[in-house]
Amino acid sequence: MQNCPHPADACENAFDASDYISGETFQIASCRQCGQVVTVPVPEDVGRYYPIGYYGQVGERRFPPLIEWVQARLYQSRARRALSLAARKNPRVLDVGCGRGLLLKAFQQQGCEVMGTEFSDDACRFAREKLKLTVRVGALHELNFPAASFDVVVMWHVLEHVSDPRPTVAEVSRILRPGGVFLVGVPNFGSPEARLTKAGWFHLDVPRHLSHHTPASLEAVLNAAGLQPRWRSFLAPEYDTFSFVQSLLNWLGVRQNLLYNWLRGHGAKVMPDGASLGSLLTTLLLAPLLGLLSLPATLILALAGQGSALTIGAVKAPSDGDGKLP
């Protein structure tokens, strides 16, 4: 499968959005050639939009201890659910874009043989040095894993970092054994939160997020690659409450993602200081109130299949399928 280049004359602009780190402006557009909602233009050097603190320092926490504790518990639950679909002893697990490796570690604690990938040595330094995990550096298609060599492949909030998801998902299908499981999580571009706050949506994160997914668009890509969705979840507590608060603050005109930068550890800051007094006061006054409102709101949205984060567990069909693109 060839990547769709999303040519300018095939892209219909929906709205403009600014990168809260660099200040550069990009377009959120629908590509008539492949049907995907994408960020355009795609930067020639995406790596420069990931500052040094993006993944945090090896010896420091990225977020407050309570948040990281909750995150670890949720990762353990997701690992168990994915493995219940795999139904295989001592499965081989590949986490594509494993970052700090916390989800991959949860699989290892379940008795799995694990491996991760990342696009740079800096991105996986914590996973390698602190968690002692095996991580290979490079794009998935460049690493040339053998066909049918993994029982579980994970892309946890990673697929949105590629401009055209179809070749990536096809490669996932190729390296999964028949009956293997693909656990994929993405921001839900079709959620009410995304539709309301548009350029202020916390999960938009241009230009690091290059493709934007709805349940229908993601399932079409999965089905075309011979991957059959078995369960869906619209609840991701480690994201939902904060995304609700930060998105609404952004929508109200507060300096974009100010609260997010505050909560990051000392070595994980991604924005310079210098927010206006108005942004500081608005954040301090409204964040607690919005946080309380977010608890029932995000739960109701998740139960209605409208949450801001989408997770799908898909199983590779017994045959490889015809490989046709949606």
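Value of Rg to Rh for the chain, rounded to two decimals, is 0.94; Kirkwood radius and Rg both from alpha-carbon coordinates. What translational diffusion coefficient, in µm²/s and rounded to a whole number, does the Stokes-Einstein relation yield for region 197-326 at 25 °C and a viscosity of 0.890 mPa s, taking the hydrodynamic radius as the Kirkwood radius over Cα pairs? Taking Rh from Cα pairs, D becomes 146 µm²/s. Excluding residues on the same chain fewer than 8 positions from Lys316, give the lysines whose Cα lies under 19 Å from its Cα. Within reach: Lys89, Lys324. Distance from the Cα centre of region 193-236 to that of region 78-106, in angstrom? Region 193-236 and region 78-106 have Cα centres spaced 21 Å from each other.
Distant-in-sequence amide contacts of Phe119, defined by a placed amide H-H separation under 5 Å and a gap of 5 or more residues or a different chain, comprise Gly138.
Cα extents for region 1-128 along the principal axes, largest to smallest and rounded to whole angstrom: 50, 35, 25.
Normalising the average separation of contacting C-alpha pairs (under 8 angstrom, six or more residues apart) by the number of residues puts the relative contact order of the chain at 21 percent. Comparing Ala29, Ala139, Ala82, which has the greatest mean-square fluctuation in the GNM of the chain with Cα pairs linked when under 10 Å apart? Judging by the Gaussian network model, the answer is Ala139. The Stokes-Einstein estimate for region 125-242, based on a Kirkwood radius over Cα pairs and taken at 4 °C with 1.567 mPa s viscosity, is a diffusion coefficient of 82 µm²/s. Considering only Gln306, Gln109, Gln246, the Gaussian network model of the chain with Cα springs below 10 Å gives its largest mean-square fluctuation to Gln109.
Sequence-distant contacts, meaning Cα pairs under 8 Å at least 6 residues apart, place the relative contact order of region 243-300 at 45 percent. Roughly what percent of Cα-Cα pairs across region 243-300 reach past 14 Å? The calculated P(r) of region 243-300 puts 54 percent of pairs beyond 14 Å.
Diagonalising the gyration tensor over the Cα atoms of region 113-180 and scaling each eigenvalue by 5 before taking the square root yields semi-axes of 21, 15, 10 Å, largest first. Estimated purely from DSSP H runs of n ≥ 4, each contributing -39500 (n - 2.57), the mean residue ellipticity at 222 nm for the chain is -10500 deg cm²/dmol once divided by its residues. Considering only Gln2, Tyr239, Ala17, the residue lying farthest towards the positive end of the dipole of the chain is Tyr239, judged by Cα position with unit charges set on Cβ. By definition, a body whose alpha carbon gyration tensor gives a ≥ b ≥ c is rounded when a/c is under 1.5, and region 62-197 falls into this rounded group. Between Arg230 and Gln2, the FRET efficiency from the beta-carbon distance, with R0 = 30 Å, is close to 0.55. In summary, the aspartates and glutamates within cross-link reach of Lys198, defined as a Cα separation below 20 angstrom excluding same-chain residues under 8 places away, comprise Glu12, Asp16, Asp19, Glu24, Glu160, Asp240. Of the peptides 227-233, 184-190, the order by per-residue mean of other Cβ atoms within 10 Å, starting with the highest, comes out as 184-190, 227-233. Counting only cysteine Cβ atoms and a cutoff under 4.7 Å, the chain contains unmatched residues Cys11, Cys31, Cys98, Cys112, Cys124. Only Cα pairs under 8 Å and 6+ residues apart enter the sum, and on that basis the relative contact order of region 1-129 stands at 16 percent.
Any read-out appearing in this document is the output of simple, stated calculations on the displayed coordinates, not a laboratory observation. Keep in mind that this is a model prediction, so the values were computed, not measured. Glycine gets a Cβ as well: all are built from the backbone with ideal geometry, and neighbour counts include every protein chain shown.
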